[in-house]
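Rule-based calculations on the coordinates, nothing more; no lab input. Values in this document were obtained by computation on a predicted structure and should not be read as measured data. Backbone-built Cβ (ideal geometry, glycine too); neighbour counts: all protein chains shown.
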Amino acid sequence: MQIIKKVPVKQILTENSRSQIKDRLNRKELQLDEECRQLAFEQKKLQRKAGVSKQEVERRFSKEMSRRKDQMKWLEYQRSQLDILPDGSELETDEVEALITVEEGDQWQEVFQESHIVIKDGKVIRAR
């Protein structure tokens, strides 16, 4: 029988990986900012329509914009922490799913022992 197991991917922090992570965080922040601007535009458009509750539109759009702004604050915090961490630190950056074969007689603890993948500058250096 085969099962799917989630496996964390850890990245060893180097100058190169630090730069890549910052770029990814910056792109995500720009995307969230663009979504906020698009939501504001859609909100104004909907509020001008007849028969639409302006308060309900305001409430729904404010909630969505607030959620995105909170994500932007979280990204800013992550960027600040990235500047503090020394090179060589391990950061959990992703999670993948692995297909594991389980057979009768296997030790359950061994099947589900903690496993992870460690990468450094785009190369797998350890997989367990």
Checklist entry - What aspartates and glutamates could a cross-link reach from residue 10, if we take a straight Cα to Cα line under 18 Å and drop same-chain neighbours fewer than 8 places away? => result 23, 83, 87, 90, 92, 94, 95, 97, 114, 121
Checklist entry - Fewest first, what order do 74, 108 take by the number of other Cβ atoms within 10 Å? => result 108, 74
Item to check | Folded to 0 to 90 degrees: helix 54-84 orientation relative to the chain principal axis, Cα | outcome: 40 degrees
Checklist entry - If you build a Gaussian network model of the chain, linking Cα atoms that sit under 10 Å apart, which residue out of 105, 88, 51 swings the most? => result 105
Checklist entry - Can you list the residues, at least 5 places off or on another chain, whose amide H is less than 5 Å from the amide H of residue 116, using H built in the peptide plane? => result 128
Checklist entry - Counting DSSP beta bridges in the chain, what percent are antiparallel, to the nearest 5? => result 85 percent
Checklist outcome for this item: Of all trypsin sites (Lys or Arg not before Pro) in the range 29-124, the ones in DSSP coil with at most 12 other Cβ atoms within 10 Å are 49
Checklist entry - Once phi is turned into ³J(HN,Hα) by the Karplus curve 6.51 cos²θ - 1.76 cosθ + 1.60 with θ = phi - 60°, what whole-Hz value does each residue of the range 116-127 show in order, with x for glycine and proline? => result 7, 10, 10, 10, 9, 6, x, 10, 6, 10, 7, 9
Next on the checklist: Can you tell me the orientation of helix 15-48 relative to the chain, as the angle in degrees between its alpha-carbon axis and the longest Cα principal axis, to the nearest 10?
Outcome noted: 30 degrees
Checklist outcome for this item: Counting as exposed only GluC sites (Glu not before Pro) in DSSP loop states with no more than 15 other Cβ atoms inside 10 Å, the longest exposed-site-free span of the chain is 1-102
Checklist entry - Most mobile of 53, 19, 115 per a Gaussian network model of the chain (Cα springs, under 10 Å)? => result 53
Next on the checklist: Compute for the chain: radius of gyration divided by Kirkwood radius, i.e. Rg/Rh, restricted to C-alpha atoms, rounded to two decimals.
Outcome noted: 1.19
Checklist outcome for this item: Residue-normalised 222 nm signal for the chain, counting each DSSP H run of n ≥ 4 as -39,500 (n - 2.57), nearest 500 deg cm²/dmol, is -19000 deg cm²/dmol
